[in-house]
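What follows is a short report on a single structure.
The values are calculated or read from the model by the stated rules, or taken from the named source; none is laboratory data. Remember, predicted model here, so these are calculated numbers, not experimental data. Virtual Cβ from ideal backbone geometry, glycine too; neighbours counted across all protein chains shown.
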Amino acid sequence: MFGNPVTNPMGWEVQKLKSLSTKILSGNTPKGGSQVYVDKGIIFFRSQNIWKNRIELDDVAYIDEQTHWKMSQTSVKNRDILITKTGRINTENSSLGRAALFLGEDDSANINGHVYLVRLKKGFIHEFVLYILITDEYRDYIREVCVGGIDKRQINKEHLEEFPIIMPPIDLQQRFADYVRQIDKLKSKMQQELKDLESNFQALLQKAFKGELKVKDGVAV
């Protein structure tokens, strides 16, 4: 539909990421490091929470509101794009340059120094820009421009600001975004159904091993 977003064989207009954005910043490690984490509070995203087009909360940290507001410049807003800053380049699941869209409430999260926040200007299609950033072609591009050693690298802010983003007509971008939203809804529904199925299966196992499971006409009851 759009072609290679890096080589741009279809000749789309190209803009730099900084020209699409009102803010591009990486976070900070709060004074005291992990010692200031709390059991409940403001979500504090680290690189292990940001994956390709998804945010994982299994290993998420929390900070209190006082710490959060001391770092107010990187308070996350709904539909901000989060991008990981560092990682190894020779692994399939490298944390370098992974990107996801934050869909939570404004100011309910913050980021550490290994994550960038990109806040787009009004009028740009977040899902489309995110799609560009998570393509395989863009992954290779990021690995070329990042800096560091033979294995572990990082994306400098200056490089991130200069990322080229193709700009097809806005109606094409919107059609793509609508399609992505439909697919995401379907995925969420299927994931919930799988979760429910697994829960029911585990319940049946518990009954079976406790001797509580009864079978009638070949069906567990």
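Structure summary
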{"read-out": "Identity of the residue in region 11-51, part of a loop (DSSP other than H, G, I, E, B) and free of Cβ contacts under 8 Å to residues at least 40 places away in the same chain, that ends up farthest from Thr84 (Cα to Cα)", "value": "Gly11"}
{"read-out": "Residues (aromatic (Phe, Trp, Tyr) and more than 17 Å from the chain's Cα centre (by Cα)) located in region 23-47", "value": "Tyr37"}
{"read-out": "Region 162-221, subset of a type in the set (D, E, K, R) and within 30 Å of Ser21 (Cβ to Cβ), residue modelled with the highest pLDDT", "value": "Glu162"}
{"read-out": "Selection from region 146-161 of residues that are in contact with a Lys or Arg (Cβ under 6 Å, 6 or more places away or on another chain) and within 23 Å of Lys16 (Cβ to Cβ)", "value": "Cys146, Gln154, Ile155, Glu161"}
{"read-out": "Residue count for region 167-181, restricted to those that are assigned to a helix (DSSP H, G or I), of a type in the set (A, V, I, L, M, F, W, C) and over 19 Å from the mean Cα position of the chain (by Cα)", "value": "2"}
{"read-out": "Residue identified as at pLDDT 95 or above, exposed (fewer than 14 other Cβ atoms within 10 Å of the Cβ) and more than 16 Å from Ala99 (Cα to Cα) among Lys40, Lys16, Lys31", "value": "Lys16"}
{"read-out": "Elements of type strands (runs of 3 or more DSSP E) in region 52-166, at least 1 residues being among the aromatic types (Phe, Trp, Tyr) and either on the phi > 0 side of the Ramachandran plot or surrounded by fewer than 19 Cβ atoms within 10 Å (Cβ to Cβ) (or both)", "value": "61-63"}
{"read-out": "Among the candidates Ile142, Ile183, Ile132, Ile170, residue that is touching a residue at least 60 places away in the same chain (Cβ under 8 Å) and aliphatic (A, V, I, L, M)", "value": "Ile132"}
{"read-out": "Cβ-Cβ under 8 Å pairs, at least 6 apart or on other chains, region 89-114 side assigned by TED's automatic domain parsing to the domain that holds Tyr138 and within 27 Å of Arg181 (Cβ to Cβ), far side among the acidic types (Asp, Glu) and modelled with pLDDT under 95", "value": "Leu101/Glu127"}
